[in-house]
Amino acid sequence: SQRKRPTYEVIDVDDFVQPKFEKIEIEGYEQDTEDLAQIQALGLPTDFSGMSSGAATSSNKAAKKKFWCSLCECELTSEIARDSHIKGKAHQKKISIHNQKKSDQGHGHQELGRRPAGARATTKKIPISLHTKIKETAEPIIGLEHIFEFIAESNDEMEPHYECRLCNGTKGIANGMYSHLTGKAHRQAVIELRNPDDPNFINLSQRECFNYAMEHLENGEVDDLITTIKNDADFPWPKGFEPWALENEGTGVAPPSSKQNLGLTKPFQQKRKEILPAPNELTPPLSSEQTAEYLNLYGELMDRVAEYIGGKEGDKLKALHDKEMIFLRQEKNLPQLGNIKSEASSAKD
């Protein structure tokens with residue numbers, strides 16, 4: 001009879017990277033894969049098909065061990081390839097994502113791979129809060145009204161993200177933001193903001209900034225002054241950890257309002273409030289009141305244009321425009337307005 005083509009069966013001896021044994025389908029014989037795993041662990045041959053007892057050892061030495069990574073869904077054709085794959089960035093990243101998903105489900109950060117019987121899984125990660133660091137420190141903190149805290153709503157183990165809206169968008173996790181708040185640059189920026197145009201508060205020394213912060217410290221008001229935003233769309237997710245990522249069984253499409261889409265999508269869900277009517281909506285005025293409204297709108301627009309141009313050219317444009325407005329109002333028998341009224345009377349003289 002024709003020998004059946006061998007297939008491979010995965011043996012569960014490790015969490016993700018597992019050896020693959022050649023499975024020979026022989027009538028009346030059921031292969032025990034658990035026994036094969038134990039045999040391999042003892043260094044004994046596992047492929048006995050078509051071999052005599054004398055040739056078994058040499059044939060097994062020549063056979064290459066194969067492995068299968070169920071996490072990355074790929075075959076590894078040697079122990080060297082297995083070791084290289086396990087140490088690779090792609091495999092390690094997927095392990096991190098797997099651990100994160102496990103912790104999100106309440107399983108803690110369980111170590112992957114083999115673990116001795118009875119070993120205890122690590123405890124659930126507790127993020128570091130800037131609020132706690134400020135309450136516990138002896139360093140004086142000021143300018144907390146400019147600090148924004150972003151918290152991931154769907155993952156309470158992600159480190160909160162902080163931004164200082166006063167200091168050119170300085171941002172980072174709690175430890176980095178704490179260093180920023182206790183630094184001279186932030187204190188000086190707060191001092192100058194609170195004391196505008198006062199030369200006594202410009203370019204202070206580090207000691208002077210510290211003394212000012214001590215006199216105006218806000219450590220006890222941290223909960224009231226820091227603005228906290230808790231939602232997934234505003235949180236700056238690390239790549240691969242977004243709840244909508246394909247790796248996390250999401251759709252792969254970020255919400256329109258997420259920071260990931262900042263500058264890439266238009267806020268189409270909110271229609272811009274129109275200030276001016278569209279040109280095709282304008283109709284000829286039907287009364288002197290409508291004529292006056294049109295002229296007033298035209299005058300305000302031209303004044304803004306003149307201010308935008310500025311300088312002598314702007315002044316020339318405004319003077320020319322004022323004369324035009326005088327002429328138009330006289331032609332329509334409308335009263336002159338404001339500063340152009342005196343110009344109209346002087347023009348008549």
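The values are calculated or read from the model by the stated rules, or taken from the named source; none is laboratory data. In this text the structure is predicted, and so the values were computed from the model without any measurement. Glycine also receives a Cβ, built like all others from the backbone with ideal geometry; neighbour counts cover every protein chain displayed. In case anyone asks, the SASA skips ligands and DNA or RNA and just uses the protein heavy atoms, side chains included. Shrake-Rupley method; radii C 1.70, N 1.55, O 1.52, S 1.80 Å.
Ligands, DNA and RNA aside, L297 has an accessible area near 70 Å² when probed at 1.4 Å.
Distances between placed amide hydrogens fall under 5 Å for C74 paired with C69, all partners being 5 or more residues away or on another chain.
Between K20 and K66, F67, W68, the built amide H atoms are under 5 Å apart, and every one of these is 5 or more places off in sequence or on another chain.
Between S154 and H131, what's the calculated FRET efficiency when r is the beta-carbon distance and R0 is 25 Å? Round to 0.05. Can you show the working numbers first?
Numbers: r = 21 Å, r/R0 = 0.84.
Computed FRET efficiency for S154 and H131: 0.75.
A simple rule links phi to the HN-Hα coupling: the Karplus curve 6.51 cos²θ - 1.76 cosθ + 1.60 with θ = phi - 60°, which for the range 190-196 gives 5, 4, 5, 5, 7, 10, x Hz, with x for Gly and Pro. Shown in residue order for the range 299-316 are the 3J(HN,Hα) couplings computed by the Karplus curve 6.51 cos²θ - 1.76 cosθ + 1.60 at θ = phi - 60°: x, 5, 5, 5, 4, 5, 4, 4, 5, 5, 5, x, x, 5, 5, x, 5, 4 Hz (x for Gly and Pro). Here the label points at D223 and K323, each 7 Å from Cα along the C-beta direction, are separated by 6.9 nm in the simple model. Quick check of the Kirkwood formula: for the range 133-225, what is the inverse mean of 1/r over all pairs of different Cα atoms, in Å? Kirkwood radius, the range 133-225: 13.9 Å.
The 3J(HN,Hα) values that the Karplus relation (6.51, -1.76, 1.60; θ = phi - 60°) gives for the range 209-222 are, in residue order, 5, 5, 5, 4, 4, 5, 6, 10, 4, 10, 4, x, 10, 4 Hz. Gly and Pro appear as x. Of all trypsin sites (Lys or Arg not before Pro) in the range 184-260, which ones are in loop regions per DSSP and have a Cβ with at most 16 other Cβ atoms within 10 Å? For trypsin sites (Lys or Arg not before Pro) across the range 184-260 that sit outside H, G, I, E and B with at most 16 neighbouring Cβ atoms in 10 Å, the list reads K239. Taking 0.36 nm per residue of separation and subtracting the Cα-Cα distance, full extension of the segment from L282 to E249 would add 6.6 nm.
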